[in-house]
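Presented below is the structure to which this report refers.
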Amino acid sequence: MTKSDTKHPAKAGSKKEHNSREELQKQLEFQKEAVVHINSLYNYALHLTMNPDDAEDLVQETYLKAYRFFNSFERGTNCKAWLFKILKNNYINSFRKNSKEPGKVDYDLIKDFYHSIKDTRTDTTEAEADYFHTLMHEEVYMALQSLPEEFREVIQLCDIEGFTYEEIANMVESPIGTVRSRLYRGRKLLRAQLENYAKKFGFNTETE
């Protein structure tokens with residue numbers, strides 16, 4: 001065996017060990033930054049698809065893509081908004097046409113990791129019935145679901161998820177003025193539908 005031959009196994013082992021440490025660090029950071037938003041992502045996906053199985057697929061595709069491009073995520077910015085943007089783009093691409101299935105290498109790399117983080121959702125049976133549905137009275141939930149999608153979406157993003165107008169405008173790819181207008185009109189529609197419900201519980205629905 002030559003001198004050069006003896007170096008290759010050590011180099012290969014060192015490189016593999018470095019890659020393993022790098023991958024583990026990436027997973028830990030991804031868990032901390034991205035996985036904590038899995039319930040909100042599922043809820044948003046369910047509102048978009050109106051189907052639990054499609055929502056699950058959409059969340060999985062979103063996390064696969066987010067993990068693959070996690071190095072491009074700007075640390076210190078709103079990771080939740082970044083994930084929602086990816087999910088919305090995946091939804092548009094998947095439901096307008098049949099999308100290409102995720103790259104085999106990328107999926108094989110993290111499929112076990114995805115299935116482990118998926119279990120961090122608080123309760124799978126509750127999630128399938130819509131995570132936030134359990135936090136809202138039936139009348140409110142049904143009224144929100146009955147709104148046209150463009151109004152329902154901005155109300156959810158603003159009033160439930162807490163995104164800023166700028167972040168919402170980026171997600172729905174509309175000017176901030178359009179977001180404000182949709183919020184105003186959506187809330188007005190929601191208020192009208194909930195007047196009887198509000199009166200039932202003693203709320204004042206008279207405008208000032």
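Descriptive notes on the structure:
- Were the residues from Glu150 through Ala192 laid out at 0.36 nm apart, the gain over their Cα-Cα distance would be 13.4 nm.
- This ranking places Phe151, Phe70, Phe84 by how few other beta-carbon atoms lie within 10 Å of each, fewest first, which gives Phe70, Phe151, Phe84.
- Rotationally averaged projected area of the range 39-88 (alpha carbon convex hull; nm²): 3.2
- Sparsely packed loop sites in the range 15-97 (the GluC sites (Glu not before Pro) outside DSSP H, G, I, E and B with at most 12 other Cβ atoms within 10 Å) comprise Glu74.
- Between Asp57 and Lys200, the contour length at 0.36 nm per residue exceeds the alpha carbon distance by 47.5 nm.
- With a simple spin-label model that places each label point 7 Å from the Cα along the Cα-to-Cβ direction, the separation between Ile160 and Asn89 comes to 2.4 nm.
- Between Tyr184 and Leu28, the modelled labels are 5.0 nm apart [label points 7 Å from Cα along Cα→Cβ].
- Among the listed pairs Lys85/Lys188; Lys80/Lys188; Lys26/Lys88, those beyond 31 Å (Cα-Cα): none
Where a number appears in this text, it was derived from the coordinates with a stated rule and is not lab data. In this text the structure is predicted, and so the values were computed from the model without any measurement. Neighbour counts run over all protein chains shown; Cβ positions are idealised from the backbone, glycine included.
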